[in-house]
Amino acid sequence: MRFLGMVLSLILIGCSSAPDEVKVADEKLLVGFAQVMEEATPYVGQPARWGGVIANLTHSTSGASELQISQFELDSRGRPDKTLQGSQRFVVKIDRFLDPKVFTQGKSMTFVGVIEGMSSITVGQQKLKVPVLKASNYYLWTEDKRIKAYYVGDPYYDYYYDRYYYWDDINDADLIEHYDDFDYDYGDF
């Protein structure tokens, strides 16, 4: 019975994925960003889920918005992974007004939509040819203020059994104190 409970919990953990706003019925049909970077013409009209951080927001008309996104690969939850270097950009067109105070530069977003083709943009003095995504939905990520902290336990008692990690919610003041609390004296090893 215990084994069955463990297997069931692993299955449920494995099923947790992207937020409902950016889920798709069949992820195998999604076109990757790297495929479209060379030439978007063969992929026009096909679905994609891309993400990154906001580089620029403009409003072409009163009811539409256009975002320039610095692309980052998505993790298993569909969140842009900022630990991987984002070196490309893409444009997202959305048929609704996005408030510039909410959608500020540097915030992470994930988009689901169809590929429209390529567009030329200017970044600084550099002209770039980038893919365009017509977004059907998006997800604006909140800042993650958690760190992965390891609890080691007593080094003289069953070391491997006692070792686990947990997510600890922190604020800026706790960050320094957090590491001082776990300053163990292991003696001379």
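The values are calculated or read from the model by the stated rules, or taken from the named source; none is laboratory data. Computed from a prediction, not measured in an experiment: that's the story for all the values here. With ideal geometry, Cβ positions are generated from the backbone for all residues, glycine too; neighbour counts draw on all protein chains shown.
May I ask you to list the residues in region 108-143 that are surrounded by 19 or more Cβ atoms within 10 Å (Cβ to Cβ), of a type outside the set (A, V, I, L, M) and without any contact (Cβ under 8 Å) to a residue 60 or more places away in the chain? S108 - this is the single residue of region 108-143 that is surrounded by 19 or more Cβ atoms within 10 Å (Cβ to Cβ), of a type outside the set (A, V, I, L, M) and without any contact (Cβ under 8 Å) to a residue 60 or more places away in the chain.
Take S17 and decide whether it is part of a loop (DSSP other than H, G, I, E, B) and either at pLDDT below 85 or farther than 18 Å from S119 by Cα (or both). So S17 passes the test.
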